[in-house]
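Heads up, the thing below is written out as structure tokens.
We did not get these values from a lab; they are worked out from the coordinates using the rules stated. Small disclaimer: the values here were computed from a predicted structure and weren't measured.
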Amino acid sequence: MKFKIAMMVLILTALTAVQAKAQSFEFGFESGMNFSTLMGSGANSLSPTGTTSSRLGFVGGGFLSLNFSPAFAIKPELLYEQKGAQISGTTTDLESDYIEIPVLVKIGLGMPGLNPSIIAGPSFDWNTVTSLPSSAGTVNTSDVGLVGGLEFDFSKFNINARYELGLNNATALKNVSNGTLTILMGYSFI
């Protein structure tokens with residue numbers, strides 16, 4: 001836990017120092033939906049039938065984009081995200097809601113109009129709410145993930161699609177991690 005707090009302090013300090021060098025910045029809100037599931041060899045042991053499927057969830061929050069050039073930006077976000085999975089053969093699905101802080105690098109592809117960009121970076125997640133079947137044991141309180149995807153900018157609006165792979169065990173069972181496909185629409189008012 002101390003390591004994760006130290007990492008967050010280091011990242012926020014670095015972002016503060018980097019902001020002074022940025023040519024411009026944007027601040028805004030974004031929301032959308034995600035499709036999350038549990039992955040790994042331990043995921044099938046959560047269900048009496050041996051199968052799990054994706055859960056549809058809400059995601060929303062804010063972002064800050066530190067633009068160093070039209071082709072490069074650092075984009076930290078603060079999101080509330082619903083993850084988990086539908087577990088066949090049980091009356092309770094695994095539902096885990098997280099406060100998530102992705103710190104993304106945004107690399108513009110230099111095409112006019114849609115202005116597509118590649119986004120990638122780490123994500124730090126803290127579990128806030130959990131509902132789970134007894135077969136899952138307990139849910140871990142935090143997760144670290146890798147995020148990758150595409151973003152399209154239209155003036156003050158953006159749309160992005162990304163995939164996040166959780167690197168930690170999502171539950172007390174071994175080899176169970178989060179896998180989340182997220183689609184967001186954002187608006188920058190600064």
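The fraction of all Cα pairs in region 94-161 landing in successive 10 Å bins from 0 to the largest distance is 19, 34, 25, 16, 6, 0, given as whole percents. Quick one: in region 22-188, what % of C-alpha pairs are over 20 Å apart? Cα-Cα pairs of region 22-188 separated by over 20 Å account for 49 percent. Working value for region 51-121: equivalent-ellipsoid semi-axes of 34, 14, 9 Å, each the square root of 5 times a Cα gyration tensor eigenvalue, largest first.
Count of lysine pairs in region 22-188 with Cα atoms under 28 Å apart, counting only pairs 8 or more residues apart in sequence or on different chains? Write out the running numbers ahead of the final one.
Numbers: LYS75/LYS83; LYS75/LYS106; LYS75/LYS156; LYS83/LYS106; LYS83/LYS174; LYS106/LYS156.
Total qualifying Lys-Lys pairs in region 22-188 comes to 6.
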